[in-house]
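See below for the structure under consideration.
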Amino acid sequence: AQSVTQLDSQVPVFEEAPVELRCNYSSSVSVYLFWYVQYPNQGLQLLLKYLSGSTLVKGINGFEAEFNKSQTSFHLRKPSVHISDTAEYFCAVSDHQGGSEKLVFGKGTKLTVNP
Amino acid sequence: ETGVTQTPRHLVMGMTNKKSLKCEQHLGHNAMYWYKQSAKKPLELMFVYNFKEQTENNSVPSRFSPECPNSSHLFLHLHTLQPEDSALYLCASSQVLSYEQYFGPGTRLTVT
C-alpha cells in the first residue's frame, strides 16, 4: 500500500524568502507524484506532476519539485514566495497499477507567508 | 459555468435529515470522484465513477449513497448522518486513465 508523509503541518515564512515543503512517500512499485494547492474556501488545484523523464519538474506560480527515487522524496520549492502563496499544499502519489487513477494524499502543509 | 461546480456550498443538517450534494463538471471528462476532507486528516477518496459506472467504493458507510446519471453530473445522497460526518466534501473529475484531477470548491457539511 502506498502512503504519503508531509513532514511539516505548518510552515511560516516571510515574503520573498525561499521555501521548501517536504514530502516523502512509500510504495513498492514505481509511482506518479503530484502537488496540489488549496486556497481558502476553494478546491484543490494541480501545481505540478511527475510522471516520468526529468526529475526536476516545474509547475505553475514559480513552484518546482524534484523527484528523488533513492530518498523516496518529492519536495516542493519556490525561490521567493509572495503573500498570495499562502495556502495549503498537498502531496499525492499514485502507483498507476491496473489502470487505476487513484491518488493517495498527504495530510497537507499550511504555508503562511508574512509581510 | 466553467470547471467543476458544487452545490450547495454550505449545508447544515440534523442527524435524521435526508439531503443531497450535487456536482457538475463542464470539462468533458468521463471520470468523477467524491472525496471527504476532515480537519487534520488526509483527503479520503470515497467513490469513483468511470463512464457512469462505479469503479471504487472505499468502504464508505451506506448512509452515503452516490449517483452518477451521466458523465457530467454526480450526486451524493445523505441520510441518517453522524456528527463525525461533518467535513468538506470535494468532487473532482478527470479523463479516464489521466491522473490530472480537477476539483470543485467543495460543500462544507455540518451535522448537528
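Every read-out reported here was derived from the displayed coordinates using simple, explicitly stated rules and does not represent laboratory data. Everything quoted here is computed from the prediction, not taken from an experiment. Don't worry about glycine lacking a Cβ; one is built from the backbone with ideal geometry, like all the others, and counts go over all protein chains shown.
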> For the protein assembly as shown, what is the charge dipole size about the Cα centre, in debye to the nearest 20, if Lys and Arg each add +1 at the Cβ and Asp and Glu each add -1 at the Cβ?
Replying inline: 400 debye
> What residues have an amide H closer than 5 Å to that of A:Val31, excluding those fewer than 5 places away on the same chain, when H is modeled at 1.01 Å from N in the peptide plane?
Replying inline: none
>> What distance in nm lies between label points placed 7 Å from Cα along the C-beta direction at B:Met15 and B:Glu53?
In response: 3.9 nm
> Rounded to the nearest 20 Debye, what is the dipole magnitude of chain B about its Cα centre when Lys and Arg each give +1 and Asp and Glu each give -1 at the C-beta?
Replying inline: 380 debye
> How many lysine pairs in segment A:3-114, separated by 8 or more positions in sequence or lying on different chains, have Cα atoms less than 15 Å apart?
Replying inline: 5
> With θ set to phi - 60° and the Karplus curve 6.51 cos²θ - 1.76 cosθ + 1.60, what are the ³J(HN,Hα) couplings of segment A:45-62 in order, to the nearest whole Hz, using x for Gly and Pro?
Replying inline: 10, 5, 8, 6, 8, 10, 10, 5, x, 4, 7, 9, 10, 9, x, 7, 6, x
> Got a sec to turn the phi values of segment B:11-18 into Karplus ³J(HN,Hα) couplings, 6.51 cos²θ - 1.76 cosθ + 1.60 with θ = phi - 60°, whole Hz, x for Gly and Pro?
Replying inline: 8, 10, 9, x, 5, 9, 6, 10
> Suppose R0 equals 25 Å; then what is the FRET efficiency for A:Lys107 and B:Thr112 from their Cβ-Cβ distance, rounded to the nearest 0.05?
Replying inline: 0.40
> Between B:Leu81 and residues 5 or more places away or on another chain, which pairs have amide H atoms under 5 Å apart, with H built 1.01 Å from N, and which residues are they?
Replying inline: B:Asn17
> In chain B, what cysteines have no partner Cβ closer than 4.7 Å?
Replying inline: B:Cys68
>> Could you sort the peptides B:58-67, B:103-112 by per-residue average Cβ neighbour count (10 Å cutoff), highest mean leading?
In response: B:103-112, B:58-67
> Amide H neighbours of A:Leu103 under 5 Å, counting only residues 5+ apart in sequence or on other chains, H built in-plane at 1.01 Å?
Replying inline: none
>> For a test of understanding, tell me how many lysine pairs in chain B have Cα atoms under 23 Å apart, given they are 8 or more places apart or on different chains.
In response: 6
>> Whole-Hz ³J(HN,Hα) for each residue in segment A:64-70, computed from phi via Karplus 6.51 cos²θ - 1.76 cosθ + 1.60 with θ = phi - 60°, x for glycine and proline: what do you get?
In response: 9, 9, 10, 7, 10, 5, 5
